[in-house]
Structures are given as structure tokens and as C-alpha cells.
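Here the structure comes first, spelled out in C-alpha cells, and everything after it is commentary.
Rule-based calculations on the coordinates, nothing more; no lab input. As the structure is a prediction and not an experimental result, all values here were calculated from the model. With ideal geometry, Cβ positions are generated from the backbone for all residues, glycine too; neighbour counts draw on all protein chains shown.
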Amino acid sequence: MYLCSPKHTIMSKDFFAHETAVIDDGCIIGNGTKIWHFSHIMPNCVIGNNCNIGQNVVISPQVTLGNNVKIQNNVSIYTGVTCDDDVFLGPSMVFTNVVNPRSAVNRKDQYSKTHVGKGASIGANATIVCGHDIGKFAFIGAGAVVTKNVKDYSLVVGNPGRHIGWMSEFGHRLNFDENAIAVCPESKEKYKLENSSVSKIQ
């Protein structure tokens, strides 16, 4: 990990940042992370190892990202958002952090928290309304608007977002048999559907 301040070079042996990127004071950035054109990492963020932060990304103060997080272009991650390892954030997807914003009313002390679980994917142009958690390996379709918590492995699409199925850790739709067992066609890992929740069979 590397502690940054504005006076440090933004290129080091530990991570790479394009010359147009801005990294504010107090950030901790993991080894192997790449930060691309015109992105801004605001104060006191913690970014894990081997992350890829695309062009024109803003990461607001005190945001925490795990390892191997992939952020596509034009994404803003606001204070109150945390992402676990292996999260994918698609192009121009949107987080919020205030449920009732007004320009003339300062609600910086009322930010709602959003947690994105390990391995979850959020598609292009999706919106995550603040205060709702995304379960591990959940899959949020492009353009979906998430207005409630999302379970582990859940596939959510539409506006408002609705659960339509389940996804494997390799990103394939799961089809359950009469015994409520599904097999990922790529990894061959097995999953069980029980009590309206999915878990991987170890």
C-alpha cells in the first residue's frame, strides 16, 4: 500500500496513475492499481491492490474499495459507499448518498451507506439508490434502478429493479432442477436454492 499526498509523484513502483489524474492527501492505494485519465481520488480514500479505475472517475472522501475492483469510465463513488473485493462497476453507473437532496439544504451529516458485496457486478447506467446493500456476486443489469437490498447471487433488472433470477460466481444464469440444485456451465460449481436464497455448495 502507498500513502499519497499532493506533493508525491503520481507514478510509483507500487501503482500507476495517469498524469492527468488527481490524488488528494491521505489516500492509501494498493500495489498494482491503475488510475486513468482525468480521474480524481479525493482525501482519505482506501483503494486495494490491483484495482482498475477508468477515465473520468470520481471517488469521494473516505470511500473504501477492496482488491481487484474494476471501475469503468464516468463513475462517481460517493462518501458512504464501500465495495468489497472483485466488484465490477459498469460505465456511467450511479451511486447516490442522500435520499432527499436539496441544493439549499446541507445534508453532509446525513449520508446513507451503501455496501457492495464481494464479486458483485453493476451494469452500465444502473442507479443504486442509497441505503441499500448489494449482496455478494449479485448481478445488476444495465439501466436498472435498485431501490431495495439485493440478495447474494441475485439477478436484478428494470426500473424499479426487480429480482428475476440467480447468477453464478462466473456470471451465468442459474437454472435449478427439481432438487433445487443448479450447475454453472463454465465453472461446474453447484448452487442450492433454499428459502428464497442461493448458496454455493462447498
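When the Kirkwood hydrodynamic radius is evaluated over all pairs of different C-alpha atoms of segment 67-202, what value in angstrom, to one decimal, is obtained?
On the way: mean 1/r = 0.0649 Å⁻¹.
Averaging 1/r across every pair of different Cα atoms and inverting gives 15.4 Å.
Centre-to-centre separation between the Cα atoms of segment 152-185 and those of segment 85-112: 27 Å.
Do you know the relative contact order of the chain, to the nearest whole percent, from alpha carbon pairs under 8 angstrom that are 6+ apart?
On the way: 618 pairs, mean separation 19.1, N = 202.
In percent, rounded to a whole number, it is 9.
In terms of surrounding Cβ atoms within a 10 Å radius of their Cβ, Arg102, Arg162 rank from fewest to most as Arg102, Arg162. Counting only Cβ charges, +1 for Lys and Arg and -1 for Asp and Glu, the dipole size of segment 4-138 around its Cα centre is about 180 debye.
Given 0.36 nm per residue, what is the gain on full extension from Glu19 to Lys113 after removing their alpha carbon distance, in nm?
Working: separation 94, 0.36 × 94 = 33.84 nm, distance 3.16 nm.
Extending this stretch completely gives an extra 30.7 nm.
For segment 67-72, backbone phi angles converted through the Karplus equation (6.51, -1.76, 1.60; θ = phi - 60°) give residue-by-residue couplings of 7, 6, 7, 10, 10, 7 Hz, Gly and Pro being listed as x. Taking other C-beta atoms within 10 angstrom as a stand-in for reagent exposure, Glu189, Glu194, Glu169 fall in the order Glu194, Glu189, Glu169, fewest first. Magnitude of the charge dipole for segment 66-186, about its Cα centre and with charges confined to Cβ atoms of Lys, Arg (+1) and Asp, Glu (-1), is about 620 debye.
Tell me, Val183, Val81 in order of fewest to most beta-carbon neighbours within 10 Å?
Val183, Val81
Can you tell me how much longer the chain between Asp177 and Asn106 gets when fully stretched, taken as 0.36 nm per residue apart minus their C-alpha distance, in nm with one decimal?
Values: separation 71, 0.36 × 71 = 25.56 nm, distance 5.21 nm.
Roughly 20.3 nm would be gained on extension.
Nearest 20 debye, what's the magnitude of the dipole of segment 127-186 about its Cα centre given +1 on Lys and Arg Cβ and -1 on Asp and Glu Cβ?
Working: 5 positive and 6 negative charges, 61 e Å.
Using Cβ point charges on Lys, Arg, Asp and Glu, segment 127-186 gives about 300 debye.
For the pair Asn195 and Ile164, label points projected 7 Å from Cα toward Cβ lie 2.8 nm apart.
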